[in-house]
Every structure is written in C-alpha cells, then in structure tokens.
Amino acid sequence: MNLFFKKNTKKEDEVTPEKQAEEQTTNEDIEIYSMPEKYRTEHVKVGKAKITGIIILVFGVVVLLIMSVAMYYILFAGSDEEKQSTVSQSLNVEKEQKTAVGNSENDTKQESLDKNSRDKKEASTEILPNQLNSKEKVATSSKEDIDNQESLMHSAIGGIDSDSDGLTDSEEQLLGTDLSKADSDNDGYDDLVELKNFYNPAGAGRLIENLNIREIKNTNYNYVVYYPAEWVKKNSDNYESVLFTASDNHFVQIIAQQNYSDQTINDWYREQFDLTEIETSLFVIGSNWTGLTSLDGLTVYLSEENKKNIFALTYNIGSSDILEYKNIFDVMVKSFKFID
C-alpha cells in the first residue's frame with residue numbers, strides 16, 4: 001500500500017451551456033475604447049516639424065554669416081587695400097626722395113672735390129708767381145739741411161694699412177672707419193679721399209660731424225684746428241703751446257712764436273734754416289694762410305697776415321720709426337684757420 005500517493009480527486013469545473021451563455025452576456029455588456037488614428041500619429045508629425053525647424057535655423061545662421069563676411073569685405077577690406085595702396089605710394093615717394101637726396105649729396109660732394117682741386121691749382125698759380133716776383137729764388141736748400149731731413153724721412157715707414165685705402169689701421173680706428181673696406185660708408189668715395197676733402201669717411205655729412213673729430217678754438221692766438229677726440233689735449237697757461245698726444249705717444253704740437261722782425265714766412269724760413277733758395281714743393285696753402293713745410297713733411301711753418309706771430313705745427317713720432325698718423329696730421333694742418 002503506497003502511503004505517499006494521493007489521488008487528485010479534484011474535479012475540473014464543468015462548462016455548462018448555462019455558464020457559457022452567462023459569460024457571453026457579460027462580455028457584451030463591456031464597451032472597449034481605442035485612441036483615434038490622428039492622435040496616434042500626431043507625435044510623429046511633431047518630430048518631423050522640429051527637424052525641419054532646426055534645418056531652417058541652421059540655414060539662416062549660415063546665410064547671416066555669409067552676409068556678414070561680405071559686408072566686412074565691402075566696408076573694411078576695400079578700405080585696407082586702399083590704405084595699403086596709399087602707404088605703398090607714400091613709401092615709393094619717400095624712397096624716391098631719399099634717392100634724390102643721396103644723389104644730390106653725392107653730386108654736391110663731387111662738386112666739392114672738383115672745386116677743391118681747382119682751388120688748389122688756382123691758388124698755386126696765383127701765389128707762387130707773386131713769391132717769385134718778390135725776388136724769391138726757387139731752387140734747392142743747403143746740402144747739409146737736405147741730408148739731415150731726408151735721412152729722417154727715409155728712415156720712417158708708414159703704418160699697417162689692411163684695406164690699402166691709404167689710411168693706416170691706427171688712423172681708421174681714430175675715425176671709426178672699417179679697417180677691411182676702402183669705402184667704409186659705401187658712398188662711392190674711398191675713406192682717404194673723403195678725409196682729405198673734409199667729408200666724414202665713416203658716414204654722412206662733413207668731417208666735423210664725425211663724433212671722433214673735435215675742434216679747438218685758441219682765442220689767445222686766434223685760430224681753430226681739428227684734432228682726434230681720443231687724443232689727450234694739453235696746453236700751456238696762455239695757449240702758446242698746445243699738445244695733442246695719441247695713446248702710443250705720437251703727438252702733434254702747435255707752437256706760436258712772436259715774429260719780432262715782422263718777417264714774411266719766406267724770409268723767416270730762410271733765416272732759420274740758413275737757406276738761400278726755397279723749393280716750390282715746400283710751399284703749403286691753407287684756408288687763409290700760406291706757409292712752408294720741412295722736407296720730411298712733418299712740420300709746417302706759417303704766419304698771420306699781420307705777421308705778428310710765426311706758428312709751427314709738428315708731428316712727432318718720438319722714438320718710433322713708423323708714421324701712424326701722417327694723414328691725421330695733414331688734416332690738422334689743413335683745418336688750421338685764423339679767426340677774427
């Protein structure tokens with residue numbers, strides 16, 4: 001006997017015709033509602049409308065950007081081009097003006113160089129005949145004096161000239177020019193040519209505009225002279241003697257000596273050096289004076305028109321045998337000028 005087995009004795013409900021009719025009657029009494037078709041598709045149309053609106057908005061923004069860029073170009077870009085054109089024209093005009101000024105300055109410099117050459121020739125032809133007419137014999141100096149001066153002249157040599165322009169490296173350093181270029185400022189004229197004609201070899205303008213050149217005015221003896229700004233200037237109490245010393249102890253000295261006999265420079269020179277005749281090559285012509293130079297060219301003697309004083313300008317190389325500043329000395333002599 002199976003104690004754990006229990007027969008399912010529950011009977012299923014039987015569906016009788018009466019129950020079936022009752023259920024059908026109940027179902028017929030319940031009304032079923034559904035959403036209308038237009039409401040069920042309305043959200044789809046709204047979504048499409050939003051997308052269309054976004055597209056229109058984006059298109060409108062793009063159109064506005066294009067219009068803004070076009071307006072900016074019309075209002076400002078055209079103006080910028082016009083300004084650029086105006087500036088370009090202005091620069092061209094300025095460049096043409098600078099070129100014209102540069103050409104004018106070069107023409108003026110060339111005219112000045114030509115004029116200096118003509119003036120020197122004219123002065124030589126004007127002064128020397130007058131000296132000859134005043135019974136000045138033009139010949140040679142005494143034999144002893146010539147031997148002594150030529151010995152000094154031949155023993156001295158020129159300093160180093162790296163660019164072969166005629167200026168020693170020491171002189172170029174004084175003037176601020178380029179030791180490796182014959183034409184430091186690229187104006188078409190060599191440095192030495194400009195220096196000798198009192199133009200600035202290191203740049204534009206006259207020589208006195210070079211910051212390395214100064215001018216001294218001696219009011220006691222009424223003269224002015226140029227000298228290198230780097231050199232040390234020392235003078236006596238009454239400016240009878242003025243000394244300009246370089247860093248290597250080369251120096252230039254200007255001495256004034258009273259001319260008691262009121263001699264002409266020629267008479268004084270002959271007397272001092274015991275000469276009977278004077279070579280034409282020894283005459284020196286300044287801005288408002290005439291003088292005589294020693295055979296070695298390192299001393300120049302000159303006098304005022306009133307013959308009150310005799311002036312001696314000397315370049316002393318000391319114990320050296322190198323002429324480092326001969327061109328500077330020549331410029332100092334040429335710049336020497338009597339003033340009222």
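The values are calculated or read from the model by the stated rules, or taken from the named source; none is laboratory data. Bear in mind that the values here come from a model prediction, so they are computed numbers and not experimental data. Glycine also receives a Cβ, built like all others from the backbone with ideal geometry; neighbour counts cover every protein chain displayed. These area figures cover heavy atoms from the full protein model, side chains too; ligands, DNA and RNA do not enter into them. Shrake-Rupley method; radii C 1.70, N 1.55, O 1.52, S 1.80 Å.
Between LEU57 and SER236, what is 0.36 nm times their sequence separation minus the Cα-Cα distance? Round to one decimal in nm.
Gain on extension, LEU57 to SER236, equals 54.7 nm.
List the trypsin sites (Lys or Arg not before Pro) in segment 230-336 that DSSP assigns to loop (not H, G, I, E or B) and whose Cβ has at most 16 other Cβ atoms within 10 Å. Which are they?
Counting only loop positions with at most 16 other Cβ atoms within 10 Å, the trypsin sites (Lys or Arg not before Pro) in segment 230-336 are LYS307, LYS308.
Which loop chymotrypsin sites (Phe, Trp or Tyr not before Pro) in segment 243-340, with loop taken from DSSP, have no more than 10 other Cβ atoms within 10 angstrom of their Cβ?
In loop regions of segment 243-340 (DSSP not H, G, I, E or B), the sparsely surrounded chymotrypsin sites (Phe, Trp or Tyr not before Pro) are TYR260.
Among ILE339, ILE55, ILE208, ILE216, what's the order by accessible area (1.4 angstrom probe), most exposed first?
Solvent-accessible surface, decreasing: ILE55, ILE208, ILE339, ILE216.
Quick check on segment 158-210: take the gyration tensor over C-alpha atoms, sort the square-rooted eigenvalues as a ≥ b ≥ c, and tell me if it's rounded (a/c under 1.5), prolate or oblate. Walk me through the intermediate numbers first.
Details: a/c = 1.80, a/b = 1.52, b/c = 1.19.
Prolate, since a/c reaches 1.5 and a/b exceeds b/c.
Which pairs in the list LYS234/LYS308; LYS196/LYS334; LYS181/LYS337 are over 20 Å apart, alpha-carbon to alpha-carbon?
Result: LYS234/LYS308; LYS181/LYS337 exceed 20 Å.
So for the pair GLN263, ALA229, with labels modelled 7 Å out along Cα→Cβ, what separation do we get in nm?
A separation of 4.1 nm, rounded to one decimal place.
Counting only protein heavy atoms and using a 1.4 Å probe, what share of the accessible area of segment 185-313 belongs to carbon plus sulfur, as a whole percent?
43 percent
Roughly how many whole Å is it from the C-alpha centroid of segment 262-287 to that of segment 184-218?
31 Å
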